[in-house]
Amino acid sequence: MRHIRSVALTAAALIGLGGGAVFAAPAASAAVPFPSIGWQQRNCDYDGNGFDDVLTGAPGATVSGVTGAGYVTVQYSSSSGLSTTKKSVLNQNTSGVPGGAEAGDGFGRAVASGDLDNDGYDDAIVGIPGEDLAGLSDAGGATVLWGSPTGLHGSDSTWLENPDQPRTGANFGRAIEAARYFAPDPANPDANLRDSIAVLENDALLFFTAPPGAATQLKLADKEVQILESAPAAGDIALRSLSHGNYNEDPWADLAISGVTTGGQPGVGATQVLHGAPDVEDLGEGGVFEGGPAVTSSDFNHDGQDDLAVGDTGSGSSLGGSVSVYLGQGDLSGLDPAPAQTWTQDSPGVPGVAEAGDQWGAEMSSGDTNGDGRPDLAIGAPGEDIGSTSDAGAVWSLRGAPGGLTATGARSFDQNHADIPGVAEASDRWGGQVRLLDANKDGLFGLLAAAPGENTGDGFVWVLPAASSGLVAGGTWTYDGASLGAPVANAQFGAAIDE
């Protein structure tokens, strides 16, 4: 078992309450540019047909009479776009998936994708943070579903857990992200390249990979997975979300880890970045940034290098929440420690008015909604009140521009829009998950907006089209678990959608 002592997620490493970075970025003698990986390069083509598929979690669903066991759905895309007919539904009672459906497992509470074995088919990782292990309640686990020419199946699935220190209430698998953070073989970093998995527990970050000749393995159905673990945090940070991008122009993906404090000043958002490296032992500190617990990566100022958007809905954030954009500095040093832009609902040109509890920025996704080659940002506010209807939820879009995001052309959407099916209801939490998706590869990213609270917790997803003017409400359609042949009642369908 190898430990990454240099990237221990201690409270000091994650929190910079005075606004300064705790760690200095490594010095760089020369910049070696590598392209953005934040939004142009998706990794969710499970059947290898060249079109992005959609992985959705329904962690509250009843499976075989067991409440809260959960499932995931996979929708396979083509030149015709997103399908509700070519699909799969998988859970822990699916043949070949490790374990079994149990009450409160929450299978699908978190989802992620990456090509973990470099076979050309992306693989899915499903978080099960409520899994009980050996009498340890909510220790948590995760399952890898391997891609193939026919998509995802239960056969040969691989089980992941914390093999070193499973703990009651650790919630292993509460957030997951896959990318090339390091080389499987540091001695030969250009060989056998494949994505690795970053997994969050409540207070620890762990990495999994499938290197050749691994000495410490979890092996199931001839799939080898080795654990590379960072030291657990001191317990003053509740880790909540992950995002990856190329912030410092080297060949490796970087990782943003965001959460909120749990100590004397509870609920304050904090985000730390780790820089990728050929050897996992050498992952470097990329800075500490105010805000959280939501993060997403994209090349917002269109300079070829990824930037980081941090959604701050924690204690002490701007009224109603905010989104700050930290830009890459164009060299190996990574992100600028000061935000280039900070947006709220009260920013000029942004529709609406900031109100307490809106949670504006609790969820984000990036993609080019109008085909101009620049990434736009979708922002979910699941706590937004629509009229007198509390927590109905809404979604905003900010357009990309040469210098970053702009309010010019900004739009907002909710269920009371004339062209959006349904009606705003209390606790729908519309926008609790958002994803921008170019399912048919026409260059326009439409919006998936989920309302996990729809119909008292059943959950629904809305599909908003895109046009040369950006996202539009006309032509919006909806689907739920029933549309995909899955259980509906209290499923919380759409609580997680892979980015």
Problem - If the convex hull is drawn through the Cα atoms of the stretch 357-499, its volume per residue in Å³ - result: 104
Problem - Positive-end residue of Pro402, Ala356, Leu308, charge dipole of the chain with Cβ unit charges - result: Ala356
Exercise for the section: Take Glu249, Glu454 and order them by how many other Cβ atoms sit within 10 Å, fewest up front. Expected result: Glu249, Glu454
Fill in the blank from the handout: When Thr158, Thr478 are arranged by how many other beta-carbons sit within 10 Å of their Cβ, fewest first, they go Thr478, Thr158
Handout entry: DSSP-assigned coil residues among trypsin sites (Lys or Arg not before Pro) in the stretch 354-449, each with at most 16 further Cβ atoms within 10 Å
Key = Lys441
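Going by how many other beta carbons lie within 10 Å of each one, how would you line up Thr476, Thr85, fewest first?
Thr85, Thr476
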Practice task
Any chance you could tell me what percent of the C-alpha pair distances in the stretch 105-192 go past 20 Å?
Solution key: 43
Exercise for the section: For the stretch 367-377, just list the computed ³J(HN,Hα) in residue order, Karplus coefficients 6.51, -1.76 and 1.60, θ = phi - 60°, integers in Hz, with x standing in for Gly and Pro. Expected result: x, 8, 7, 10, x, 8, x, 10, x, 9, 10
Handout entry: Projected-area average for the stretch 327-417 over all orientations - Cα convex hull basis, square nanometres
Key = 6.9
Problem - Given charges at beta-carbon only (K, R positive; D, E negative), |dipole| of the stretch 327-376 in Debye - result: 80
Exercise for the section: Place a +1 charge on the Cβ of each Lys and Arg in the chain and a -1 charge on the Cβ of each Asp and Glu, then give the dipole magnitude about the Cα centre in debye, rounded to the nearest 20. Expected result: 380
Exercise for the section: Write down the radius of gyration of the chain and its Dmax, each obtained from C-alpha positions, in Å. Expected result: 20.7, 61
Exercise for the section: Rounding to the nearest 20 debye, state how big the charge dipole of the stretch 357-499 is about its Cα centre with +1 on each Lys and Arg Cβ and -1 on each Asp and Glu Cβ. Expected result: 340
Practice task
Provide the per-residue ³J(HN,Hα) series for the stretch 288-294, in order, calculated from phi with Karplus coefficients 6.51, -1.76, 1.60 and θ = phi - 60°, each as a whole number of Hz, with x at glycine and proline positions.
Solution key: 10, 10, 6, x, x, x, 10
Exercise for the section: Scan around Met364 for amide H atoms under 5 Å from its own, H built in the peptide plane at 1.01 Å from N, and keep only partners 5 or more places away or cross-chain. Expected result: Gly380, Val434
Problem - Using θ = phi - 60° and Karplus 6.51 cos²θ - 1.76 cosθ + 1.60, couplings along the stretch 117-133 (whole Hz; Gly, Pro as x) - result: 10, 6, 9, x, 10, 5, 10, 10, 10, 10, x, 10, x, x, 5, 8, 10
Handout entry: Top positive-direction residue, dipole computed over the stretch 357-499 with Cβ charges, set Leu464, Ala451, Thr389
Key = Leu464
Handout entry: Spatial separation of Cα centroids for the stretch 130-149 and the stretch 426-460, in angstrom
Key = 25
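Since every read-out is calculated from the coordinates, none of them should be taken as a lab result. These numbers come from a predicted model, not from an experiment. Note: ideal-geometry Cβ built from the backbone for every residue, glycine included; neighbour counts use all protein chains shown.
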